């Protein structure tokens, strides 16, 4: 699948604001609306555009504490992994989960109002599966936070 300069510009603009009207988007990339719409449809069909969402302000939703949690396990089997994934994905405050290489096995991003709510999430997590080590780091300040992916590699 080839992504050209116009596709990258469409993606850049949509990553900035997916609610931009089609006519404005087409104008910004020097296309008429129909070819611009066709390009968007193709990017969606090809899975480049997975979905469109509303990004909410965590602080305004009383989610002022972001915690990054590294997890180590002594079990590396499919049954344990399924139990962990099922348990962790069922906790809505866990918004990102990554399986890692290196010293830690998993990295979680958790958003909650405060430490006591984090403790509640922690307790739900450790009830779901046996863990060797859980280490938490609390974000003091957000320096950069974006959902926009770099497009120079497409």
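The values are calculated or read from the model by the stated rules, or taken from the named source; none is laboratory data. Since we're looking at a predicted model, the values are computed, not measured. Virtual Cβ from ideal backbone geometry, glycine too; neighbours counted across all protein chains shown.
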Of (1) free of Cβ contacts under 8 Å to residues at least 12 places away in the same chain; (2) in contact with a strand residue (DSSP E or B) (Cβ under 6 Å, 6 or more places away or on another chain); (3) part of a helix (DSSP H, G or I), residue 88 satisfies every one except (1)
In the stretch 29-54, how many are assigned to a helix (DSSP H, G or I) and over 12 Å from residue 7 (Cα atoms)?
3
Residue set 8, 38; condition surrounded by 12 or more Cβ atoms within 10 Å (Cβ to Cβ) and either at pLDDT 95 or above or assigned by TED's automatic domain parsing to the domain that holds residue 102 (or both); output residue 8
Assuming residue 80 fulfils every condition listed in (1) under 27 Å from residue 140 (Cα atoms); (2) assigned to a helix (DSSP H, G or I) apart from one, which condition is it?
(1)
Conditions first: (1) assigned to a loop (DSSP other than H, G, I, E, B); (2) surrounded by 11 or more Cβ atoms within 10 Å (Cβ to Cβ). Residue 103 passes all but one, so which condition is the exception?
(2)
Among 2, 54, 23, 18, which is the only one that is under 20 Å from residue 111 (Cα atoms) and either modelled with pLDDT under 95 or not assigned by TED's automatic domain parsing to the domain that holds residue 111 (or both)?
54
Could you pull out the residue among 60, 109 that is over 18 Å from residue 10 (Cα atoms) and in a strand (DSSP E or B)?
109
Of residues in the stretch 12-23 being assigned to a helix (DSSP H, G or I) and touching a helix residue (DSSP H, G or I) at 6+ places or on another chain (Cβ under 7 Å), the one farthest from residue 54 (Cα to Cα)
23
Using the structure shown, decide if residue 31 is surrounded by 10 or more Cβ atoms within 10 Å (Cβ to Cβ), over 30 Å from residue 111 (Cβ atoms) and at pLDDT 95 or above.
yes
Of (1) assigned to a loop (DSSP other than H, G, I, E, B); (2) surrounded by 11 or more Cβ atoms within 10 Å (Cβ to Cβ); (3) without any contact (Cβ under 8 Å) to a residue 12 or more places away in the chain, residue 120 satisfies all except one. Which?
(1)
Residue 129 vs (1) touching a helix residue (DSSP H, G or I) at 6+ places or on another chain (Cβ under 9 Å); (2) farther than 30 Å from residue 21 by Cα; (3) surrounded by 17 or more Cβ atoms within 10 Å (Cβ to Cβ); (4) at pLDDT 95 or above: all pass except (4)
Here is a check on your reading of the model: is residue 75 surrounded by 11 or more Cβ atoms within 10 Å (Cβ to Cβ) and assigned to a loop (DSSP other than H, G, I, E, B)?
yes
Checking the condition surrounded by fewer than 11 Cβ atoms within 10 Å (Cβ to Cβ) and farther than 30 Å from residue 26 by Cβ, which residue from 70, 147, 142 passes?
142
